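The values are calculated or read from the model by the stated rules, or taken from the named source; none is laboratory data. In this text, all values refer to a predicted model and were calculated from it rather than measured experimentally. So basically every Cβ, Gly included, is an ideal-geometry build from the backbone, and we count neighbours across all protein chains shown. The protein model used for the area step is the full one, side chains on, heavy atoms only, and it has no ligands, DNA or RNA in it. Shrake-Rupley method; radii C 1.70, N 1.55, O 1.52, S 1.80 Å.
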Amino acid sequence: QFRKTPNHANRSYSDCEDVLNEAEVNSNWTPQEKALHEARLKAKAKRRLRKSSSRNSTSESFSESGDLAGADPNSPKGKVNTNDRKSRTGKGRGLPKKGGAGGKGVWGAAGMVYEDEEPDVRDPNYDESAQGDTVYAKVVPEIDERELEKMVNPIVQEYFEHGDTKEVQELNLGHNKYEFSSMAVSLSLEGKASHRELTSRLLSDLSGKLLSQNDMGRAFDKMLKELPDLILDTPEAPQMLGQFIARAIADHVLPMSFLDCYKGKVDCDHARVALDRAAVLLSMKREMVRLDNVWGVGGGLRPVKHLIKEMNLLLKEYLISGDVSEAERCLRDLEVPHFHHELVYEAVVMVLEAKGDKASHMMMKLLQSFWKTGLITVDQMNRGFQRVYDELPEISLDVPHAHSIMETFVDLCYQESVITKQLRDVCPSRGRKRFVSEGDGGVIKS
């Protein structure tokens, strides 16, 4: 139908195909088919435009004058946005400038240390009269009375763990700072002897720095009034508070006249017991030496020789009385779970040195009770027996039958599930010594 004319000569094959499709649509297709076909034509035109624009963008480059060569002003990708900070050459990595340390209002690069800057005269907040008098100091907010107990309890409990008084001295207790002492003493009454020793040291370190003698006096006066409530949780609270008062006076935390202020003025029986206890302890120390041993030295702070002496005394008293619960209480009061292998060692040595089988059966029951209650762990039990195994040649010099006694005691402990099979198997045994030659007709060896 088409004739070769100059206008049709330049048309491509796709243009001719579009014209044929359009003529066919106008003649035979329904309106719905026409709309669908028009949508397809529009999508095809968009794909053609997108392909041509992407082909042009990859081939374009900046000329020496900075203008785009061959850019299509009607194409959205051909326009140059002068406010765009991205690289126009397409060679950028998309990373922020200066590694994120550039620009205004940023923190700077990681690891950057800022130095003190001089005040700027052009700063709107610059005050010429205040220059030279600026003082930078650490400010600790004052603790509110309602939040005092919530904050003091975890701090004191943490102090019982590390024993460092410097962390406690950084608190700003405000006007109610005397209550810190009473709370610390109340918590230590419910704890161990080592906690009470740490509390006495804390009061001594805080005296004169954070708390005065008047503050300490107010704290102990409050404790004396609260004794009827304290004995509900701690029946021995009056005696313990009396020891605290005596230790505080000896450490110059409380004034010497503290007890004189209560003579003839105390109606509470519990307070009278506490004051009498303090007076008795102070009368025993006429030279006012520090009552360092009023609580004992708790836990691993004790000398090793002292701990060994205490464990020997514990075992000897048990062999006389046979009271397992009392022996368990004494061992817990020592507060040295890492040193329980010494108790096992001393108990086995006593069995080797004792006469008769009574000691071996009693020691087996004691170790069995400690094993079942978890007071002595498997590691401490094995370590104590292993120490005896290693020193058995030296012990046998004083106890000739030490090897046979040891084998019997180890078998007994294994039968009662005190030790493991592996520990029983490594028990050393001495070979049988022949005094008569078995191949010489019964001739005694010289």
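Note on the range 304-426: dipole from Cβ charges, positive end direction compared against THR373, LEU319, ILE395; the farthest Cα belongs to THR373. For GLU226, neighbours were defined as the other residues whose beta-carbon sits under 13 Å from its Cβ, and their charges (Lys and Arg +1, Asp and Glu -1) total -1.
Sort the following peptides by mean Cβ neighbour count (other Cβ atoms within 10 Å, averaged over residues), highest first: 41-51, 227-237, 345-355.
Listed from highest to lowest mean packing, they are 345-355, 227-237, 41-51.
Close Lys pairs in the range 145-293 (alpha-carbon distance under 24 Å; sequence gap of 8 or more, or different chains): 20. For the range 351-433, the per residue solvent-accessible surface stands at 59 Å², with DNA, RNA and ligands left out and a 1.4 Å probe.
Whenever you get a sec, compute what percent of the accessible area on the range 304-426 sits on carbon and sulfur atoms (1.4 Å probe). Intermediate values should be presented prior to the final figure.
On the way: 3440 of 6580 Å².
The computed percentage sits at 52.
I'd like the carbon and sulfur percentage of the solvent accessible area for the range 145-293, probe radius 1.4 Å, heavy atoms only, ligands and nucleic acids excluded. Before the final figure, lay out the partial values.
On the way: 3780 of 8000 Å².
Answer for the range 145-293 is 47 percent, counting heavy atoms of protein chains only.
Computed from point charges on the beta carbon alone (+1 for Lys and Arg, -1 for Asp and Glu), the dipole magnitude for the range 145-293 about its Cα centre is near 520 Debye.
How many Å² of accessible area per residue for the range 145-293, probe 1.4 Å? Mind dumping the intermediate values first?
On the way: 8000 Å² over 149 residues.
With the other protein chains kept in place, the range 145-293 gives 54 Å² per residue.
Rounded, prolate or oblate, given the Cα gyration tensor of the range 304-426, with a/c below 1.5 counting as rounded? Numbers along the way, then the final one.
Details: a/c = 1.41, a/b = 1.29, b/c = 1.09.
In terms of gyration-tensor shape, rounded.
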